[in-house]
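Taking it in order: structure first as C-alpha cells, then the write-up.
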Amino acid sequence: MSERTILIVDDEDEIRNLMSIYLKNEGYQVVDVPNAATAIDMLKKQKIDLIILDVMMTGMNGIDACLSATCC
C-alpha cells in the first residue's frame with residue numbers, strides 16, 4: 001500500500017508541527033501550510049488523501065477555503 005498524504009492547514013505553527021509529528025510517526029506523509037490560499041495551490045499540484053483544516057484562520061477562513069477548493 002502506498003503512503004497516504006495528509007494536508008494540514010493551520011495558521012498556528014505549533015499546532016501544525018505537533019500534528020505533523022504525530023502523523024509522521026504513524027506512517028503518513030504530511031504536508032503542512034500556514035493558510036488557505038497556499039492549501040488551494042497545493043491541491044492543484046499534489047494528490048492529497050485527507051485535509052485537516054482550521055476553520056478560524058486569518059485571511060481566508062476554512063469554510064471559504066472549502067468552497068474555493070471545490071474547483072480543484
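A compact globular protein would have a Cα radius of gyration near 2.2 N^0.38 Å; the ratio found for the chain is 1.06. In the full protein context, the chain carries 67 Å² of accessible surface per residue, based on a 1.4 Å probe and ignoring ligands, DNA and RNA. Expressed as a whole percent, the accessible area of the chain that falls on carbon and sulfur atoms is 55 (1.4 Å probe). Label-to-label distance for residue 47 and residue 68 is 2.6 nm, based on points extended 7 Å past Cα in the beta-carbon direction. Secondary-structure-derived ellipticity at 222 nm for the chain, considering helices only, amounts to -13000 deg cm²/dmol, per-run term -39500 (n - 2.57) for DSSP H runs with n ≥ 4.
Looking only at the chain, where both bridge partners belong to it, what percent of the DSSP beta bridges are antiparallel (to the nearest 5)?
Once the DSSP bridges in the chain are tallied, antiparallel ones form about 0 percent.
Among the GluC sites (Glu not before Pro) in the chain, which ones are in a DSSP loop with at most 12 other Cβ atoms within 10 Å of the Cβ? Mind listing them?
On the way: sites: 3, 12, 14, 26; in loops: 3, 12, 26.
Within the chain, the qualifying GluC sites (Glu not before Pro) (loop, at most 12 other Cβ atoms within 10 Å) are 3, 12, 26.
Can you give the local net charge around residue 39? Use residues other than it whose beta-carbon is closer than 12 angstrom to its beta-carbon, Lys and Arg +1, Asp and Glu -1. Before the final figure, lay out the partial values.
Numbers: positive: 16, 44, 45; negative: 10, 11, 32, 41, 54, 64.
Here the charged neighbours net out to -3.
The values are calculated or read from the model by the stated rules, or taken from the named source; none is laboratory data. Given the structure is predicted, the values throughout are model-derived calculations rather than measurements. Every residue, glycine among them, receives a Cβ derived from its backbone with ideal geometry; neighbour counts consider all protein chains shown. Just so you know, the surface numbers come from the protein's heavy atoms only, side chains and all, with ligands and any DNA or RNA stripped out. Shrake-Rupley method; radii C 1.70, N 1.55, O 1.52, S 1.80 Å.
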